[in-house]
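S.K.: Could you have a look at this structure, given as structure tokens, before my questions?
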Amino acid sequence: MTGLDIVVYPKGEEPIRRTLSGGSLTMGRSPDCSLQIHDRFLSRKHIELRDEGERWVLLDCGSANGTWLNGIPVKVPMNLRPGDSIRIGETEILFGVTRTDRLLAVESTSQTTTSAVHLADAIEKGKHSKRAFERTQALNKLAIELLEDRPLGELFDFILDRVVETFAPSRAALALFGRGHSGFDTIKVRRADDDDIADLVLSRTLLSEVVEEKKIVSLLDAGQNDKLSQAKSIVGQRISSALCAPLLVEDKVLGVLYVDFLMGTKELDDDDVCLVGQIARFAATKLDTTRLREESLLKQRIDEELRTAYVVQGRILPARPPEVPGYLLAGLNRPARMVSGDYYDFVIRPDGRVYFVIADVSGKGITAALLMSSLAMAFNIFASQDPSPSELVSRLNAMLAPRLGPAKFVTLFAGVIDPSKPGEVCFANAGHLPPLVFNASGAVEAGDTDIVMGVFSNSSYRDQTLVLGEGDSIVLFTDGVAEAENATGDLLGTEGIAKALRGRHFHDADEVVNAVDMAVSSFLSGAEQHDDVTILAITRKS
């Protein structure tokens, strides 16, 4: 399969476009590679793209820092499809693309500013130009048309259409910054030539002048300017002149409006600079109000979905613990946000045995809650097959590990109590906080801890046993309890939980759970609850 293009985007440098012609192509830091990339995080030979007839395959060549295809780590050869994104180090590679609409700010470009004027000055100057009346008419028409509300995507298209109608540029782009101004989040591009596949490239220095100094920057007549004639980006793209104006609202730059003209087409004059600046001002105001409106509507939808998720999750957690001869059971879950990544549950078997579980999914919010829902379903299915605690945890881990993303894991404690064996609690611990066993002598941690779930599919776990005397309790909790942090940065810790249990031996499980929960609330003393709080207690009746 030949004739496919790849575009390589090294960080801070101009993109590299290659047409794949069969065989294979290697990339890395070594000059021996088919394509050498200067990226400090790459291995000497990092990846290989290999033509296998009907398909192209991506291989990681044993790199130190890894390779990702569409966000998935590459561990084995993976098939490539047009539009795929490959990430190596700080470099992105797009596979099988003909044209990308990108406005790139790079370090290597030596574009030279030939004119820079503050936006406010350009607008004032435009009031007294020869074409002031003509421009005023055009702007009045645009202002009236912008009164109509349009979705953000349509608004981008509308503004660019008006820019193209007014200036007939070779290319025009409207771009909004993402968070931190580290790159453009939303970009729309118009091209007069459908065969134009080059990315739009600006120097970081030029862009900084636009953003930091809030200036309209123009690059004029590259062919006649000695400095510009040496500028690789300008001449390489055959640009005769270009304009870049800030999208300014109050004192905040939201993005930029860019137009350019290739060699042999129109050259910009001072009136054009003024008009581009005024269009940018109108566009910025409308884009800002539209984005704020859509963000507000999106937040309302998300809040509604979270409220629904909260109701659904409330049905996943047990409405009340089961009644078990010889025991009292209780549990509590208090999310830090609308929904929780913590989980606890009970499953009672026909022979009277009761499986119980408490778990903590790394992270918070809706992602952790979705993983928790999967875990809850699996626990109920596997517990119904009467496994030992270690077998139960192993099965849950084997199910979860392939589905968890990088840096995601689950800590979990699962056990079973059998009324026919009074006081005996069998359990397995997958990286969870050790429980406290609370008896007449006080509270002590119980059992050993094995590896967290989700790291390796074949992890093994141990069966362990403890015995509760009459009136004794086993108390389990998640990080949100032990790591509750007050305003001065102190943590509640296991000692704080044990202190809350003093004098409560022979109290039932509900009172034990409430005592620990009150200890957390009292310790926070108004400070924000940063993590989900989940508590589970089992008390042996006296």
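The values are calculated or read from the model by the stated rules, or taken from the named source; none is laboratory data. Since the structure is predicted, the reported quantities are computational estimates derived from the model, not experimental observations. Methodologically, a virtual Cβ is constructed for each residue, glycine included, from the backbone with ideal geometry; neighbour enumeration extends over all protein chains shown. Each accessible area value is taken on the protein alone, full model and side chains, heavy atoms only, with ligands, DNA and RNA left out. Shrake-Rupley method; radii C 1.70, N 1.55, O 1.52, S 1.80 Å.
S.K.: So which of 268, 317 is within 26 Å of residue 468 (Cβ to Cβ) and modelled with pLDDT under 85?
M.R.: One residue alone meets the criteria, 317.
S.K.: Within the range 365-378, is there a residue that is open to solvent by 60 Å² or more (accessible area, probe 1.4 Å), part of a loop (DSSP other than H, G, I, E, B) and either at pLDDT 90 or above or not basic (Lys, Arg) (or both)?
M.R.: No, that holds for no residue.
S.K.: Select, from 489, 447, the only residue that is at positive phi, without any contact (Cβ under 8 Å) to a residue 60 or more places away in the chain, touching a Leu at 6+ places or on another chain (Cβ under 8 Å) and in a loop (DSSP other than H, G, I, E, B).
M.R.: 447
S.K.: Would a scan of the range 73-95 turn up a residue that is farther than 24 Å from residue 249 by Cβ, assigned to a loop (DSSP other than H, G, I, E, B) and at pLDDT below 70?
M.R.: no
S.K.: Quickly run through the range 3-25 and pick out the residues that are free of Cβ contacts under 8 Å to residues at least 24 places away in the same chain and part of a loop (DSSP other than H, G, I, E, B).
M.R.: Of everything in the range 3-25, those that are free of Cβ contacts under 8 Å to residues at least 24 places away in the same chain and part of a loop (DSSP other than H, G, I, E, B) turn out to be 3, 21.
S.K.: Let me ask you something else. Can you tell me which residues in the range 470-517 are of a type in the set (Phe, Trp, Tyr) and either surrounded by fewer than 16 Cβ atoms within 10 Å (Cβ to Cβ) or farther than 18 Å from residue 445 by Cα (or both)?
M.R.: Once the filter is applied, which keeps residues that are of a type in the set (Phe, Trp, Tyr) and either surrounded by fewer than 16 Cβ atoms within 10 Å (Cβ to Cβ) or farther than 18 Å from residue 445 by Cα (or both), the range 470-517 yields only 506.
S.K.: I would also like to ask the following. Would you check which residues across the range 399-437 are assigned to a strand (DSSP E or B) and open to solvent by 10 Å² or more (accessible area, probe 1.4 Å) and list them?
M.R.: Answer for the range 399-437, where residues must be assigned to a strand (DSSP E or B) and open to solvent by 10 Å² or more (accessible area, probe 1.4 Å): 411, 416, 424, 426, 431, 437.
S.K.: From the list 471, 454, 423, 480, which one is more than 22 Å from residue 347 (Cα to Cα), over 41 Å from the mean Cα position of the chain (by Cα) and in contact (Cβ under 8 Å) with a residue 12 or more places away in the chain?
M.R.: 471
S.K.: Further question: With the condition kept exactly as written, say whether any residue in the range 156-167 is touching a Phe, Trp or Tyr at 6+ places or on another chain (Cβ under 8 Å) and either open to solvent by 30 Å² or more (accessible area, probe 1.4 Å) or modelled with pLDDT of 85 or more (or both).
M.R.: No, the conditions are met nowhere in the range 156-167.
S.K.: Let me ask another. Give all pairs with beta carbons closer than 6 Å in which a residue from the range 258-279 that is open to solvent by 10 Å² or more (accessible area, probe 1.4 Å) meets a residue that is hydroxyl-bearing (Ser, Thr, Tyr) and modelled with pLDDT of 85 or more; count only pairs at least 6 apart in sequence or on separate chains.
M.R.: 262/170; 265/170
S.K.: Given the structure, is residue 32 without any contact (Cβ under 8 Å) to a residue 24 or more places away in the chain, over 22 Å from the mean Cα position of the chain (by Cα) and either open to solvent by less than 30 Å² (accessible area, probe 1.4 Å) or more than 24 Å from residue 197 (Cα to Cα) (or both)? First the steps, then the outcome.
M.R.: Numbers: without any contact (Cβ under 8 Å) to a residue 24 or more places away in the chain: yes; over 22 Å from the mean Cα position of the chain (by Cα): yes; either open to solvent by less than 30 Å² (accessible area, probe 1.4 Å) or more than 24 Å from residue 197 (Cα to Cα) (or both): yes.
Yes: the conditions hold for residue 32.
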